[in-house]
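Data first, discussion second: the structure below is written as C-alpha cells.
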Amino acid sequence: MKKTALSLALGLIMSTSIFSKAGDKFDTQQAEPFIGKVLVEGLQSPWDMAIDRNGQLWVTEVGGNILLVDAETGKHQIIHHFDDVVNGGQQQGLLGLTLDPDFLSGKGENVLYAAYAYKGKEGQAHTKIVKLTLDKAARKVEKTETVLDNLASFTDHQGGRLRLGQDGKLYYTIGNQGANQYSRTCYADRAQRLPTQQEVDNKDFAAYEGKTLRFNIDGSIPEDNPVINGVRSHVYTYGHRNPQGIVFVGDKLFQEEQGPGSDDEVNLLEAGANYGWPHVAGYPDNQNYVYTSYATAEKCNTLPETIGDTKFETSGGAAPNKMVAQKETDFKQEENYRNPLKTFFTVRNGHNMFDPNCSDSSYLCWPTAALSSIAYYPKDGKVKEWRNSILVSGLKSGGIYRMPLNGNSDDVQGELYKHFTSPSRYRNVEVNQDGSKIYVMTDTAGASLGLDGKQNMQMQNSGAILVFEAK
C-alpha cells in the first residue's frame with residue numbers, strides 16, 4: 001500500500017522546464033538526463049499516440065483525424081478522417097488508438113484499431129471500436145470494419161484508452177460518464193453494476209460504464225474472460241471512475257484513474273477485480289471522501305449541480321433530501337476487491353479545498369494530479385536511473401510523474417519523482433522502444449497550475465508534441 005501524502009510532499013522530487021517554440025531545444029532547469037524540444041505544435045486537441053516500428057508517431061485528434069507525424073521533423077499528414085465523429089471536447093470524439101504488432105512488418109496487413117464517438121440512429125452518442133486496414137505503405141485506409149459498437153459516450157469521464165495486449169486481445173477503458181455530479185447529478189453511477197446474461201445476449205452494454213473491457217479483435221467475448229456474478233462478458237475489471245490510461249509491462253496491466261477531489265490512482269489490474277468506485281476513492285480510509293448516491297434522492301432534480309462537488313464530500317454535514325452519506329468503510333469488500341498501488345494524493349479530513357491561489361477554479365488546487373495517461377520505461381532503457389519505471393502524465397500541473405517498480409514489476413516502490421514541469425496540460429506520454437526518447441502531448445486549451453502555483457489559462461505549448469531525448 002503506497003499513499004502519497006501531498007501535505008508532507010515527502011519523496012516528491014521535482015524538476016522544472018521552460019519550453020520554447022517548435023524546433024527549439026532547451027535544457028531542463030534542474031539536472032535531467034534528457035534534453036527536450038518542441039517537435040510540433042498547433043495540433044487540434046491531440047489525444048492518443050502510438051509509435052510504430054520505424055519510430056514514427058500515429059496520433060489521434062478528437063475532431064476525427066488520424067495523423068502520421070515524422071518523429072524527427074514534426075511534419076505531419078492526415079491519414080484518415082472519421083466523417084461521422086461526434087466532437088464533444090477533450091473527452092469525447094476520436095480517442096484511443098493502438099497498432100497491430102505486425103504493423104509495417106511486411107508479414108501481413110497493416111492494421112490499427114481506434115475508438116471514437118458517433119451518433120446512433122436514435123440521435124444519442126455512442127462509442128465504436130473499429131479496425132482499419134491500410135495499404136502497403138500505410139498511407140491510405142483501404143477498409144474499415146466495426147469491432148464493437150453501442151458503447152457509452154459522454155463529454156465527461158469517458159475513459160477512452162485502447163490497447164492491444166500481448167495475448168492478442170483488445171483492452172478498452174470506459175469511465176463512469178460523469179455520473180453523480182454537475183450536469184449528471186441525477187444520473188446513477190454504474191461502476192459497480194454488472195451486466196446480466198440477458199443484457200450480454202442482447203448486446204445491451206449499459207452496465208459497461210466504469211469498467212475495463214477485454215475482447216477479441218472481432219469484438220467477441222474471450223472464453224477466458226472472468227466470470228463475475230455468474231456472467232462472462234466483455235468486462236475485465238470494474239469499479240472505476242475515469243480510467244484514462246493503461247499500459248502493459250510484460251503480462252501485467254497497469255492503469256491510472258482520476259479521483260474526485262483527491263486520490264487519483266495507479267492500479268494493477270487483475271481479471272475480475274473490483275477497484276471500489278464510487279464507494280471508495282483511493283484507500284478505504286474514510287479520509288476526504290464520502291459517497292452519496294444523488295440519483296436516488298427525493299426530488300433529485302431540485303438539487304444544485306454543485307452538490308456532487310468536493311465541497312459536500314468533505315464537509316461532514318447532513319446529506320440532502322433524506323440521502324445517506326456513506327463512509328468508505330461502509331463498503332463491503334469481497335475477495336476480489338483491490339486497493340491502488342499509489343494515490344495522487346491522500347489527505348486527511350479537513351484539508352483546505354479552497355486555496356486562494358485557485359479562487360476562480362478551486363479544483364486546480366485540489367490534491368489530485370488529473371492523471372491522463374500511463375507508460376512504461378523499459379528495464380533496459382538508455383537512462384539507467386529511469387529503468388523499470390511507470391510514468392504517468394498530469395493535466396493540472398503539466399508534469400510527468402515517475403514511479404520505480406520492484407524486481408517483479410508488479411508494485412511501485414521508493415520515491416515519487418516529477419519531471420518536465422510546465423504550465424501546459426500533459427495529455428499523453430509515450431516511450432520509444434529503447435528508452436532514448438520520451439514523447440509528451442499537450443492539450444490545445446484548458447486551465448492548469450502555473451509554475452507559481454496559481455491558476456493559469458495560457459498553454460505554454462498548445463496542441464504540441466514535446467520530445468525528450470536522452471543525453
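Once you've got the Cα coordinates, tell me which of Lys211/Lys252; Lys75/Lys379; Lys342/Lys454; Lys143/Lys169; Lys128/Lys437 are over 22 Å apart. Beyond 22 Å: Lys75/Lys379; Lys342/Lys454; Lys128/Lys437. Placing +1 on the Cβ of every Lys and Arg and -1 on the Cβ of every Asp and Glu, with nothing else charged, gives region 304-459 a dipole about its Cα centre of roughly 260 debye. With θ taken as phi - 60° and the Karplus curve 6.51 cos²θ - 1.76 cosθ + 1.60 applied, the whole-hertz 3J(HN,Hα) list for region 44-56 is 9, 6, x, 10, 10, 8, 10, 10, 7, 5, 8, x, 8 Hz, x standing for glycine and proline. Among Ala125, Phe205, Leu43, flag the residue with its Cα farthest along the positive direction of the charge dipole of the chain, charges on Cβ as +1 for Lys/Arg and -1 for Asp/Glu. Going by the Cα projections, it comes out as Leu43. The helix-based estimate of mean residue ellipticity at 222 nm for the chain, built from -39,500 (n - 2.57) per DSSP H run of four or more residues and divided by its residue count, is -500 deg cm²/dmol to the nearest 500.
For region 12-470, averaging the sequence separation of C-alpha pairs within contact (under 8 Å, six or more residues apart) and dividing by the residue count gives a relative contact order of 14 percent.
Amide H contacts of Asp264 (H built 1.01 Å from N, in plane; Pro and chain starts excluded): Gly259, Phe344, Phe345, Ala369 sit under 5 Å, all sequence-distant by 5 or more or on other chains. A simple spin-label model places pseudo-atoms 7 Å from Cα toward Cβ; at Asn216 and Gln458 they are separated by 5.6 nm. The HN-Hα couplings worked out from phi for region 122-128 by the Karplus form 6.51 cos²θ - 1.76 cosθ + 1.60 (θ = phi - 60°) are 7, x, 8, 6, 10, 10, 10 Hz, whole numbers, x standing for Gly and Pro. Simple point charges give the picture: +1 on the Cβ of Lys and Arg, -1 on the Cβ of Asp and Glu, and for region 12-470 a dipole about the Cα centre of about 340 debye.
Neighbours of Ala470 by Cβ distance under 12 Å: Lys/Arg scored +1, Asp/Glu scored -1, total +1.
Summary of the geometry: region 42-65 and region 189-265, compared by the centres of their Cα atoms, lie 25 Å apart. The amide H of Ser45, built 1.01 Å from its N in the peptide plane, has Thr444 as neighbours under 5 Å, considering only residues 5 or more places off or on other chains. Rounded to the nearest 20 debye, the dipole magnitude of region 369-463 is 200 debye, with +1 charges on Lys and Arg beta carbons, -1 on Asp and Glu beta carbons, and the Cα centre as origin. Annotation: the antiparallel percentage among DSSP beta bridges lying fully within the chain is about 95.
Each Lys or Arg adds one and each Asp or Glu subtracts one; over the other residues with Cβ under 10 Å from the Cβ of Gly108, this totals -2. Counting neighbouring Cβ atoms within 10 Å and putting the fewest first, the residues Val62, Val324, Val266, Val141 line up as Val324, Val141, Val266, Val62.
A protection proxy built from the mean count of other Cβ atoms within 10 Å ranks the segments 255-261, 196-202, 280-286, most packed first, as 255-261, 280-286, 196-202.
The residues neighbouring Gln92, those whose beta-carbon lies less than 15 Å from its own, together hold a net charge of -1 under the Lys/Arg +1, Asp/Glu -1 convention. Relative to one another, the C-alpha centroids of region 66-99 and region 327-351 are positioned 36 Å apart. What the phi angles of region 218-224 give under the Karplus curve with 6.51, -1.76 and 1.60, with θ = phi - 60°, is a coupling list of 9, x, 6, 8, x, 5, 9 Hz, glycine and proline written as x.
Take the Cβ atoms of Glu385 and Thr146, set R0 to 35 Å, and the FRET efficiency comes out at 0.20. With neighbours defined as other Cβ atoms within 10 Å of a residue's Cβ, the residues Ile228, Ile390 order from fewest to most as Ile228, Ile390. For the chain, the residue among Leu194, Thr73, Tyr363 whose Cα projects farthest onto the positive side of the dipole built from Cβ charges is Thr73.
For the chain, dividing the convex hull volume of the Cα atoms by the residue count gives 143 Å³ per residue. Once backbone amide H atoms are built at 1.01 Å from N, Arg427 has Met441, Thr442, Asp443 as its partners under 5 Å, excluding neighbours fewer than 5 places away on the same chain.
Every number in this text was worked out from the coordinates using simple rules, so none of it is lab data. What you see is a predicted model; the values in this text were computed from it and never measured. Quick reminder, even Gly has a Cβ in these numbers, built from the backbone with ideal geometry, and neighbours come from all protein chains shown.
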